[in-house]
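Only the coordinates and a few stated rules stand behind these numbers; no lab work does. These numbers were taken from a predicted model, which means no experiment stands behind them. Note: ideal-geometry Cβ built from the backbone for every residue, glycine included; neighbour counts use all protein chains shown.
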Amino acid sequence: MWNPAPMLIGGIVAPLTHCAIAMSCVVIPAQYDEALPFSEGLALVNQGEKWGFIDKTGNIVIPLTYDDGFPFTTGMALVMKGGKWGFIDPTGKPVIPLTLEGALSFAEGLAAVWMDFKWGFMDRTGAVTIAPNLDWAWSFSQGLARVRIGDRWGYIDKNGDRVIPPEFDEAFDFSDDRALIKLDRLWGYIDKKGNRVIPPQFDNARNFSEGLAAVKIGDEWGFIDRRGNLTIAAQFSNATFFSEGLAPVQIGEKWGYIDKNNEVAIAPQFDSADLFYQGLAAVRIGEKWGYIDPIGNRVIPLQFEEAFEFFEGMAGVRIGGKMGYIAHPNTEGNSCQSLRFNSTLSRR
């Protein structure tokens, strides 16, 4: 057991011993009201009512002058100022002027845009490629975009053709060549031709990830494969997605992790448990968050008010009500490389 008595390190209260070492991983001090994951080397951050972008050294590379924004994807970021949306490049230069009434980030070369009270799509030059004639639209995924026409959902291709007719109550993006759909209060899955390869039959369900999808049967969750076979019996209070071979599952009131053979990899002990990214998962006990590895070792002890997934070697954490970033323990060239914990902190 480590000593939970606090000590002050660089203005941050941290528990003694190993936890104090962990605080050396705070590479961008907690100073922002909100901080989104790093994407393409930059992170969207917020102070007060304004948003901008920082790099991994904490330098502000695009000033906090925007009213809203989204992370960079394929070299462009969607931002808003004065109620108008547009796209900027990593230097902050406008690529598509801030004149749009609404938009989504670029995906697979196209971005959904709101024009004349309808949704359409534009390319990276700002040219409209799919006329605005949709009541709602989401980004393209695996070559198709889910769209709403009236009160029904279907899918279009990049030519704007309605390749899967709008016939569903709800619909989600394609993942693993399957899309989750809802019809008559039940959930099932279609393929990219619109075939109901797993007919609507579940009380709730989630997208496929790593070949498996969580489904709810009655009051319990299990997992199916892409053919609809129940490979992990419905037995959990809740379940989310497989990531890096493990999935968070809730047994009773606590969360743990299972592998694809339904073996318990990390015993249920957490009040919240997120997905594994870059070998670590954020978990919560009580009001404190930290990070575990795939065998349950508490690699970064539970000390944060909030903690988010690692992307590009960095994770956003909340300390004293403000957001900053910590570096991954295995990031080359930073003090986190020396982060090691003794066996008393393992498998708790």
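If you stretched the chain out fully between R196 and D219, how much longer would it get, using 0.36 nm times the residue separation minus the C-alpha to C-alpha distance?
5.9 nm
Can you pull out the GluC sites (Glu not before Pro) in the stretch 153-262 whose DSSP state is coil and whose Cβ has at most 11 other Cβ atoms within 10 Å?
Here the GluC sites (Glu not before Pro) that fit, given the DSSP loop and packing criteria, are E253.
Please give the calculated 222 nm ellipticity per residue for the chain, where each DSSP H segment of at least 4 residues contributes -39500 (n - 2.57) and the sum is spread over every residue; nearest 500 deg cm²/dmol?
Value at 222 nm, helices only: -500 deg cm²/dmol.
Using +1 at the Cβ of each Lys and Arg and -1 at the Cβ of each Asp and Glu in the chain, identify which of G218, T91, S272 lies farthest towards the dipole's positive end.
S272
Quick check on packing: order 298-310, 134-146 by the mean number of other C-beta atoms within 10 Å, highest mean leading.
298-310, 134-146
Please state the relative contact order of the stretch 46-132 as a whole percent: Cα pairs under 8 Å, 6+ residues apart?
16
Strictly over 21 Å apart at the Cα level, which of K182/K260; K50/K93; K216/K288 would you flag in this model?
K182/K260; K216/K288
Between A131 and E101, how many nm apart are label points set 7 Å from Cα along the C-beta direction?
Going by the 7 Å Cα→Cβ label model, 1.7 nm.
Pop the C-beta distance of K158 and N330 into the FRET formula with R0 = 41 Å and round what comes out to the nearest 0.05.
Once the sixth-power term is evaluated, E becomes 0.60.
What Kirkwood radius, in Å to one decimal, follows from the Cα pairs of the chain?
So the Kirkwood estimate lands at 22.2 Å.
With each label point set 7 Å from Cα along the Cα-Cβ vector, what nm distance links D89 and R185?
Output for this residue pair reads 5.5 nm.
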